[in-house]
Each structure stands twice: as structure tokens, then as C-alpha cells.
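Structure record follows, encoded as C-alpha cells.
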Amino acid sequence: MPPSPPTLERRYSLIRLRTFLPLVAFIAAACSLVPAELQRELLPSNTSYKTAEAAYQVLIERHVDKPTSQTLLTGALDGVVTEAKKEGASDGTLPSSGLSLTGSTWSDFAKFSDRLDAIAAATPNADKTLLERAAVDGMAKSMNECHTYYLDPTRAKNFNQPQPPVSGIGVTINKPSADAPIEVIRVIAGTPADRGGIKNGDKIVTVDGVDVTNLQTEEVANKVKGPEGTPVTIGILRGQETLSFTLNRARFSVPLETDGIIDGNIGRIEVPQLVGAVADEVSNAVKRLNANGAGGLVLDLRGDPGGDLSAAVDIASIFVRQGTLVYQTGRDGNRTPLDVNRRFYIDSPKPLVVLVNKNSASGAEIIAAGVRANGVGVVMGAQTAGCVGIGQPRELPDGGLLLVTIARMEDAKTGEALNGPGKGIVPDKPVAADANSGTDNQRLAADQFIRSGGKS
């Protein structure tokens, strides 16, 4: 039996398909006719620098501050030139003209890629992988804030990995800014660092002879740690003086908080870092100090680098009954309130001082901002680090990690951004630290404020 002829609907569909196929072919052919320069304007590049390209795209598309190609590629070029000089290049051999950037995302990246090729060709012993990684590092540093940085594959392996129990020298450290060396912000009493003479404010520049000025805080800490009883040599910059300390590592414990009553009725609570069950410990300390007759409280967050966001919220919530501590603002401009955890509130209407300094960062800044925004305490001391945001790790093709700030924190009362150089919490009552007298004048000022009933 012969097949039935196509129906009218099938014939119409076949006609449409035959008409459509040449159109598809024409469009495909037309794509190949787009001028190369226009393709560079519109499309991701086809360079061999896939890691730099991926980092560039992530920062362009994800960073909360919406960086321009000019900012990122200028930083990338600075990083590459610095690395090329380390590998033997000189100003006389490197291309000297600037990049003619137009603001077009992929056209500008293609120009940078061409320049990277030229720098590699002008550097006889160039390691193109190191040059490319220097470009990524330069892009991250161009954002000029603490939550955006690059970890090469070796360093990325240890990111957020639990460390086995080890011993150390007994210091708390912090990196004040992307280009600054690691700074000692607290020396724990009775530890090798304390006995050896390391001081608050010392800059760690080498560990066992290896330069660590470009490493992150956690990386330097991991180099300092090691088996109990083994030696480690720490190179210190103290003012203009370079010092070396060889210390034997030892086991020690760092309390989550310390507290006590001074002069009969001033309650002091010192929180070195926001980790573990620290919020529960601070809550218990407040209850204990109140029961022992504290007429006011000093919450000392100086040198506290932050830690767990939930711990910051819970500690602030001890003093703030209800309300917003800070706002989280994303790339789209939408503001999300970070509110208190009402379970932690302790009804204790007494004078409260939050002590901060330049090394109070992240969660410590959230506590100070929340207390002030809700009118339950006074912030004293020195301006904080301005390092308070939400970072997100993104894996790169080379196996490294790019940490990208995807949300910034804003003051709940003023709306001012808290993250970035020159930002942070400016104290209600600024008190400069006196490093020469040996007197803790910031703590003395806080004590006096409590004595006065919070009126001075």
C-alpha cells in the first residue's frame, strides 16, 4: 500500500523549514563576517591567558563595587611589570606606553593580553604562568579592600581547611591592608612570644628566612605554627629597626574572653576573636559581672579581627533588644537588614563602652556599629580597619582561588559604607593610643566614662 501524501499542515511545515534553513545558514555566515575589532568589543577573548580572563570576568560581573576595565587592567599591568622585573626585565626592555583602554570589556582585555605577550617576549627568562598570576593578583589588589584577594594553587589548597593541633609562639596577628605586612596585635601572656620580647605593633616580615610580606594572615599563622618544642625564627620590623627572634614553639590556650571588675564597679570584657562559643561566654560574663555589682561595662574589641558572623550578631544582641545592626548591600543596590538575635538579649540598662582600634575588623566592626546605631552604648578608641564585607571564593582555571567581595556592610543609622580604606567605625569619642608611655590611655578613658555614669 503506497504511503499517504503529506497533509496540508505537513506541506506547510516543510516549506517553513526549507525557508528557515537558508536563513540559519545566512546568519551563521554573517557572524563570520563581523570585523575582528568588533568581535573583540563584543565577545570574550580567545587569548591563552584563561586564568586572568576568568578572574577578570568574575570581578567585572560579581564584585560589589562594579569595577571598570580601566581599574582592573591597570592593576593587572602593574602586577605583571613588577613580576617581570623580578625575572630580570628592565624599564629599558619593557613596553613603556600605557594601554589605550576604551571602557569596552573585551576589547580592553584583548589589548591587555597583547601587552602581556609583549612583556613576556621582552623578558628573556619569563615564566608566563607567574606573569599571568601576577596579573590576577594585581587585579584583586586594585579593588583596594581586604575581602578581595588571589591565592595561587599552592596557597589555595589550605584555604578554609581545618588545621591539625599544633603549637605556636603565642601571638594574634592581622594584615591591616593588602600591601601591608602582617602586624602583631596581641601577645598572649606567658607564651614564647611574651617571654622572647615580641611586642604589639611589631611587623612580621620573615619566617625562617622566607619573606612573608605578601602572604595573607592565615598563611603566615600556618608558617609560624609547628610541633611543640621546635624552633622558628621570626623576622620583625619595629619602627625602622629590623630584629630577629628565634623561639621554641609551645602549646598554649587562648581564652575566648576574659573579664573582671575594676575599681569596684567597672566591668571589663575582652574578646580577642569571634570564634567558637564566644557569644555564650560573653553572655555568661555579662551576667556574672552584673551579679557582682558592675555599674557599667567596657567591651574591649581592640585587635579583634572578627571571625564568625553569627558570633558578632549574637554578642551585639546581648546589648541591643531589637533592631538592625548593619545593612548588607549587594551589587544590585538592594539592602538587606542584619537584625539582632533576640534570644541573646540581657535586660541591663547600664553605661556601655565598646573599645576599638585600627585592628578591630569585620565582626568586631559589626558589633560596634550595631551598638552605636541603636543608641545603647558609646564607641571609644581609634578608627577601625574598614574590613567588613562578604567575600565569596571562586575557583580559577589554574587551580587557584579568587576571593571576591559580593556585598558590603553599611551603617544602619547613617547608611555610610563601612568597607574600604578610610572607612570603618569612627569612634564617638576618639582616644589615640599612647605607645610610648606604657599606659593604656584608651582603657583609662573608657573607665572614666563608666565612672561618670556615661556623661563625660
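What the table shows:
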read-out	value
Counted charge near N374, where neighbours are those whose Cβ lies closer than 10 Å (Asp, Glu -1; Lys, Arg +1)	+3
Å² of accessible area per residue within the stretch 135-243, as computed with a 1.4 Å probe and no ligands counted	46 Å²
Over the chain, relative contact order from alpha-carbon pairs under 8 Å, at least 6 apart, %	13 percent
Residues of the stretch 209-230 with amide N under 19 Å of the 7 Å Cα→Cβ point at L94	214
Ordering of 177-184, 398-405 by packing [mean C-beta count within 10 Å, highest first]	398-405, 177-184
Sorted largest first, extent of the chain alpha carbons per principal axis (Å)	104, 61, 47
Whole-percent carbon and sulfur share, accessible surface of the chain, 1.4 Å	52 percent
Relative packing of peptides 227-236, 131-140 - highest average C-beta neighbours within 10 Å first	131-140, 227-236
Cα gyration tensor category, rounded, prolate or oblate, for the stretch 99-141 with a/c compared to 1.5	oblate
Whether the stretch 136-258 is rounded, prolate or oblate, judged on the alpha carbon gyration tensor where a/c under 1.5 counts as rounded	prolate
Lysine pairs with alpha-carbon atoms under 24 Å apart, the stretch 166-322, spacing 8 or more or separate chains	8
S48/N144 FRET efficiency (R0 30 Å; Cβ-Cβ; nearest 0.05)	0.55
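The values are calculated or read from the model by the stated rules, or taken from the named source; none is laboratory data. In this text the structure is predicted, and so the values were computed from the model without any measurement. Using ideal geometry, Cβ is built from the backbone for each residue, glycine included, and neighbour counts are taken over all protein chains shown. Areas reflect the complete protein model, heavy atoms only, side chains present, ligands, DNA and RNA absent. Shrake-Rupley method; radii C 1.70, N 1.55, O 1.52, S 1.80 Å.
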